[in-house]
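Novice: Structure provided below as structure tokens; questions to follow.
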Amino acid sequence: MPAAGTSANATIRDATGVRVGTATFTDTYSGLLIVGTVMNVGLGAHGVHIHSVGKCEPPFTSAGPHFNPLGKQHGFENPNGPHLGDMPNIDTPAAGALRFEVLLPGVTLKGTNPLLDADGAAIVIHAARDDYKTDPSGDSGSRIACGVVVAR
């Protein structure tokens, strides 16, 4: 386990390159803490996941599949899941920004199950709500925004 306090960040952009959010990633003794803010991604619920490649070229398939070093299936409600990169849905307002915090146990930036490996990682926002059970992506629709995780 790396020392707590190792950190990274991501600027989240939509497919036109407009900044729609930011996220910071901090190693803690309980897992990876992600604190983010998003805006202008559309009203309602959106699936959010950590993806296994640090690349964000629209339509963001370049970010690869969900971060899943343990070979699980997708979803908190899947008996064979979840992926380590699975996160709770966010529910964005009609106006203003949404702040979110998520702790990912078992994930680090540079230790065991690291995001900052040879090909990096990305945070991806999807168009629809994650159903928490359908493999491989929770039926959460297209990828509408993406940010590469970069060490600070």
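The values are calculated or read from the model by the stated rules, or taken from the named source; none is laboratory data. In this text the structure is predicted, and so the values were computed from the model without any measurement. Note: ideal-geometry Cβ built from the backbone for every residue, glycine included; neighbour counts use all protein chains shown.
Novice: Which of the numbered conditions does Gly54 fail, given that it passes all the others? Conditions: (1) at negative phi; (2) modelled with pLDDT of 95 or more; (3) of a type outside the set (Val, Ile, Thr); (4) exposed (fewer than 15 other Cβ atoms within 10 Å of the Cβ).
Specialist: (4)
Novice: Scan the stretch 137-150 for residues that are of a type outside the set (D, E, K, R) and surrounded by 17 or more Cβ atoms within 10 Å (Cβ to Cβ) and jot them down.
Specialist: Ser137, Gly138, Ser140, Ile144, Ala145, Cys146, Gly147, Val148, Val149
Novice: Still on this structure, please answer the following. For the stretch 59-83, name all the residues that are surrounded by 15 or more Cβ atoms within 10 Å (Cβ to Cβ), of a type outside the set (Phe, Trp, Tyr) and more than 14 Å from Gly138 (Cβ to Cβ).
Specialist: Scanning the stretch 59-83 gives Thr61, Ser62, Ala63, Gly64, Pro69.
Novice: Moving on to the next point. Here is a check on your reading of the model: is Ile90 in contact with a Phe, Trp or Tyr (Cβ under 6 Å, 6 or more places away or on another chain), among the β-branched types (Val, Ile, Thr), free of Cβ contacts under 8 Å to residues at least 60 places away in the same chain and at negative phi? Walk me through how you get there before you give the answer.
Specialist: Values: in contact with a Phe, Trp or Tyr (Cβ under 6 Å, 6 or more places away or on another chain): yes; among the β-branched types (Val, Ile, Thr): yes; free of Cβ contacts under 8 Å to residues at least 60 places away in the same chain: yes; at negative phi: yes.
Taking the combined requirement at face value, the residue satisfies it.
Novice: Something else now. What tally of residues in the stretch 108-138 results from selecting those that are part of a strand (DSSP E or B) and farther than 15 Å from Ile34 by Cβ?
Specialist: Residues flagged as part of a strand (DSSP E or B) and farther than 15 Å from Ile34 by Cβ within the stretch 108-138 amount to 1.
Novice: Taking the stretch 108-136 on its own, how many of its residues are surrounded by fewer than 23 Cβ atoms within 10 Å (Cβ to Cβ), closer than 19 Å to Val53 by Cβ and under 14 Å from the mean Cα position of the chain (by Cα)?
Specialist: 5
Novice: Let me ask something additional. Among the residues of the stretch 133-150 satisfying the criterion of being in contact with a strand residue (DSSP E or B) (Cβ under 8 Å, 6 or more places away or on another chain), at pLDDT below 95 and of a type outside the set (S, T, N, Q), which is farthest from Asp86 (Cα to Cα)?
Specialist: Among residues in the stretch 133-150 that are in contact with a strand residue (DSSP E or B) (Cβ under 8 Å, 6 or more places away or on another chain), at pLDDT below 95 and of a type outside the set (S, T, N, Q), the one farthest from Asp86 (Cα to Cα) is Gly141.
Novice: Kindly state which strands (runs of 3 or more DSSP E) lie completely within the stretch 1-91 and contain at least 2 residues that are more than 18 Å from His126 (Cβ to Cβ), over 12 Å from the mean Cα position of the chain (by Cα) and among the aromatic types (Phe, Trp, Tyr).
Specialist: Filter on the stretch 1-91 gives an empty set.
Novice: Select from the stretch 92-107 the residues that are surrounded by 12 or more Cβ atoms within 10 Å (Cβ to Cβ) and within 13 Å of the chain's Cα centre (by Cα) and write down the one among them that is farthest from Gly36 (Cα to Cα).
Specialist: Residue satisfying both the conditions and the ranking: Val107.
Novice: Looking only at residues in the stretch 18-51 that are surrounded by 14 or more Cβ atoms within 10 Å (Cβ to Cβ) and of a type in the set (Ser, Thr, Tyr), which one is modelled with the lowest pLDDT?
Specialist: Step by step, filter the stretch 18-51, then rank; the result is Thr28.
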